[in-house]
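Single-structure report; data block below.
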Amino acid sequence: MKITEKEMSDNPLPIDKAGLLEAYRMMKTIREFEERLHIDFAKGDIPGFVHLYAGEEAVATGIMMHLNDRDRIASTHRGHGHCIAKGVDVHGMMAEIYGKVTGSCQGRGGSMHIADLSKGMMGANGILGAGAPLICGAGLAAKFRGDGGVGISFFGDGAANQGMVLESMNLAAVWNLPVIFVCENNGYAEATSRDYGTAVKSYVDRGAGFGIPGVVADGTDFFAVYEVVGELIKRAREGGGPALLECEVIRFFGHFEGDAQTYKAKGENEYNRANRDCLKIFRAKVTEAGVISDVELDAIDQQVADLIEDSVASAKAAPLPSPKDLMSNVYVSY
């Protein structure tokens, strides 16, 4: 993805044009996927709970562009963006959320439990902070294999107060594991303000308590995330051990679909949509740099819209799991 010497004079950005187009497509796919779920959930088409990632796309994309299929990630209940950025099939994800047999987990997991081990996606998780100990296991396996693999654990500002997250940081430090703990700080632990519920000013202070270096990045700026996490991942691959990245982000919707968001200030969502939208920020930077045109980005917009429309149509047409499938894939046989 790094730009060549020949391209450098024409491209002031840290990624070549093909990489920038890929990043935009990834972010746009996450956004359109979530916007469509917001509409269809309100119509009653989707079973279960849904937690949307819209507004946080730059974090998942900026991180995942440094990873490959051997690298593992552990996600959260707000995991659609992580899945898409890690390469999980969009059609399979949509079918899973609709509870259909063609889904990524054959309709058994739903929105909060999408997984695809072939892509290094260990799974979304309805338990706050539960991905942290899982990624320590993945990091330990990578360390023993010696293949340079890394693990990324995502959690929110609310989950950062969970004991298992702190215990996992300590374990990762003691064992010098190649893992990155990523706190997506969107300012609210469900409906509780981060300032009300957390004593430290920054979550990187938590890492310091375990001897883990930490960095804060603007999660609305793809390039800020991409460059910072690139150094942390390189360090982990080379045996430097764990690190903590706090990304200050915005979630455009409520904690869950149906959340009235009465805890937010009047006009907060509208302000964030207008001024802190990571897609708008990305688009402005690449077009102002003269690397990509609006026409090229508009073409991606249409392609993504078609993809999401097709994935919804396919999900709705797919069959539900049959009762006889209820007990299949429940127990592992060794």
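Sub-7 Å Cβ pairs linking a first residue in segment 69-91 that is open to solvent by 20 Å² or more (accessible area, probe 1.4 Å) to a second residue that is acidic (Asp, Glu), at least 6 apart or interchain, are Arg70/Asp147, ordered by first then second residue. Name the residues in segment 233-242 that are surrounded by fewer than 24 Cβ atoms within 10 Å (Cβ to Cβ) and aliphatic (A, V, I, L, M), would you? Matches in segment 233-242: Ile233 only. Those residues that are in contact with a helix residue (DSSP H, G or I) (Cβ under 6 Å, 6 or more places away or on another chain), more than 17 Å from Ile180 (Cβ to Cβ) and part of a loop (DSSP other than H, G, I, E, B), I need them from segment 70-89; list them, please. Across segment 70-89, the qualifying residues are His77, Gly87, Val88.
Report yes if some residue within segment 225-233 is without any contact (Cβ under 8 Å) to a residue 24 or more places away in the chain, part of a helix (DSSP H, G or I) and either within 16 Å of Val150 (Cα to Cα) or of a type outside the set (Gly, Ala, Ser) (or both); otherwise report no. Yes, because at least one residue in segment 225-233 is without any contact (Cβ under 8 Å) to a residue 24 or more places away in the chain, part of a helix (DSSP H, G or I) and either within 16 Å of Val150 (Cα to Cα) or of a type outside the set (Gly, Ala, Ser) (or both).
Just one of the numbered conditions (1) open to solvent by 20 Å² or more (accessible area, probe 1.4 Å); (2) within 24 Å of Arg78 (Cα to Cα) is not true of Ile180: (1). Count of segment 253-296 residues, restricted to those that are surrounded by 20 or more Cβ atoms within 10 Å (Cβ to Cβ) and hydrophobic (A, V, I, L, M, F, W, C), is 7.
If you go through segment 184-193 one residue at a time, do you hit one that is hydrophobic (A, V, I, L, M, F, W, C) and outside any helix (DSSP H, G or I)?
Yes, because at least one residue in segment 184-193 is hydrophobic (A, V, I, L, M, F, W, C) and outside any helix (DSSP H, G or I).
Yes/no per residue for (1) more than 14 Å from the chain's Cα centre (by Cα); (2) in a loop (DSSP other than H, G, I, E, B):
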| residue | (1), (2) |
| --- | --- |
| Asn11 | yes, yes |
| Glu22 | yes, no |
| Lys28 | no, no |
| Asp45 | yes, yes |
| Gly92 | yes, no |
| Ala95 | yes, no |
| Gly99 | yes, yes |
| Thr102 | yes, yes |
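Among residues of segment 269-294 that are without any contact (Cβ under 8 Å) to a residue 12 or more places away in the chain and within 14 Å of Phe252 (Cβ to Cβ), those with a beta-carbon under 9 Å from a residue that is outside any helix (DSSP H, G or I) and open to solvent by 10 Å² or more (accessible area, probe 1.4 Å) at least six positions away or on a different chain give the pairs Tyr271/Ala265. Restricting segment 135-152 to residues that are within 18 Å of Ala85 (Cβ to Cβ) and more than 14 Å from the chain's Cα centre (by Cα) leaves a set whose member that is surrounded by the fewest Cβ atoms within 10 Å (Cβ to Cβ) is Gly149.
The values are calculated or read from the model by the stated rules, or taken from the named source; none is laboratory data. These numbers were taken from a predicted model, which means no experiment stands behind them. When we count neighbours, we look across all protein chains shown, and the Cβ atoms used for this are built from the backbone with ideal geometry, even at glycine. Keep in mind that these areas ignore ligands, DNA and RNA; they rest on the heavy atoms of the full protein, side chains included. Shrake-Rupley method; radii C 1.70, N 1.55, O 1.52, S 1.80 Å.
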